[in-house]
Amino acid sequence: MSKEMFKRTDANGCLMSKKRLFEAVATLTGCTMGAGILGIPYVVARAGVVTGLVNIALVGLMFVIINLSLGEVTLRTKGRHQLTGYAGKYLGKLGKYLMFIAVIIGDFGAIIAYILGGGIALGALLGTSEMLASVIFFAVIAFLIYIGIKAIEDSEAIFSPILLGVLVFFIVMAFLKFSPSNFSGFSTNNFFLPFGVIMFAMIGSAAIPEMREELGREKKKLKKAILIGTLIPLVFYAIFAVAIVGAHGLSTNPIGSMNLVSIIGPKLSFLGELFAVFSMTTSFLAIGLALKEIFWFDLGMRKNTSWLIACGAPFLIFLLVKIFKLANFINILDISGTVGGVMVGSIILLMALKSRKLSERKPEYELRIKPFIIYGLVGLLILGGIAKLFLMI
């Protein structure tokens, strides 16, 4: 083989490696950045900007560790699984059942929020009723989830950069209307007020098993992909919250797209609705696929049955919530983020600890976090969840 052919092969290999890394990062970023980002400014405004930023930093740091821990678990394990499968393998039947409950609460809550929020944004965009728009939004995403992983990879790679680009535009526009008088400081009384919504916004762990598959033979890049894919949403959440609350203060709307529309004006209002639709589309796709695979791979159901339950059950619950007005957008984010997020995060940390003893293969990276730190993080998650639930009562 000539030198030119060697160079061409190396170049193609490098491009393919970068493409896989980009797709993996886009999958985690897209799965994480969904409806949560639209709810963060509202709870930060109510709690105080400093209080909100401290929450974002603390919860974000915990999810860096949680996501990296799950990545290590996937690399220690042979075969293909989803969250419930890993929990069952390392924590037994009880771990599997608890993870299943946690995923159902968190992911069903997320999908319900996406259908609700997507309907609000798409309805304003198309000039139709919210209910009809929600049905259209759900039908399109459910079809893509039915097609499978290739559709998800392609859509994430397209939507995630668009999402971030539009988000930068909104942040710049919000800072043009920024006023320091809209800021409030640190509040111990309201410290846990943003906890549930921020937990919801950071949950993207279900995408990590897919990231391992997307990387193929480049599994050594999983740690880098998880770090980048977790930190991108974290940084954007903090900046977005400061920008929106700086522009609106206590008048910040609980429906995030409404904040964007008021910033850019009625002529460009469609951009705010498009941003909301895109942000919820990417997360809905990733979470819906992960749910389908839980029923398919981990619970042994047929592929089509798994898809029907993963998409159909949350839609039926959405109809009940919408018709009987059982909860609003922020309520859904708060409850599913608090309960589902705390349970999923705690179980991931515990099974990561157990996987060190039951490892099936040598992982491409190891965190080497001391067990007492793991138990301490689990304790903090549980205490945070309990404190938030007391606020809700």
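The values are calculated or read from the model by the stated rules, or taken from the named source; none is laboratory data. Nothing here was measured: the structure is a model prediction, and the numbers come from that model. Here the Cβ is made from the backbone with ideal geometry for all residues, glycine too, and neighbour counts use every protein chain on show.
Tabulated values for the structure
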| item | result |
| --- | --- |
| Selection from region 354-363 of residues that are part of a loop (DSSP other than H, G, I, E, B) and either of a type in the set (S, T, Y) or surrounded by 15 or more Cβ atoms within 10 Å (Cβ to Cβ) (or both) | R356, S359, P363 |
| Residues of region 162-199 classified as modelled with pLDDT of 95 or more and assigned to a helix (DSSP H, G or I), total | 5 |
| Any chance K89 is of a type in the set (K, R), without any contact (Cβ under 8 Å) to a residue 40 or more places away in the chain and not in a loop (DSSP other than H, G, I, E, B) | no |
| Residue identified as among the charged types (D, E, K, R) and within 24 Å of G246 (Cβ to Cβ) among R46, R76, R80 | R46 |
| Evaluation of V342 against (1) in a helix (DSSP H, G or I); (2) over 27 Å from F236 (Cβ atoms) (one fails), failing number | (2) |
| Residue count, region 364-393 (criterion: of a type outside the set (A, V, I, L, M, F, W, C), surrounded by 14 or more Cβ atoms within 10 Å (Cβ to Cβ) and under 15 Å from L61 (Cβ atoms)) | 1 |
| Sole exception among (1) in contact with a Lys or Arg (Cβ under 6 Å, 6 or more places away or on another chain); (2) in a helix (DSSP H, G or I) for K220, by number | (1) |
| Breaking point among (1) small (G, A, S); (2) at positive phi; (3) surrounded by 19 or more Cβ atoms within 10 Å (Cβ to Cβ), for G249 | (3) |
| Residue that is nearest to the chain's Cα centre (by Cα) [pool: residues in region 266-293 that are hydroxyl-bearing (S, T, Y) and closer than 17 Å to L116 by Cβ] | S283 |
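Condition check ((1) at pLDDT 90 or above; (2) crowded, with 17+ Cβ neighbours inside 10 Å) across all residues:
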site: L122; (1), (2): yes, yes
site: L126; (1), (2): yes, no
site: A151; (1), (2): no, no
site: F159; (1), (2): no, yes
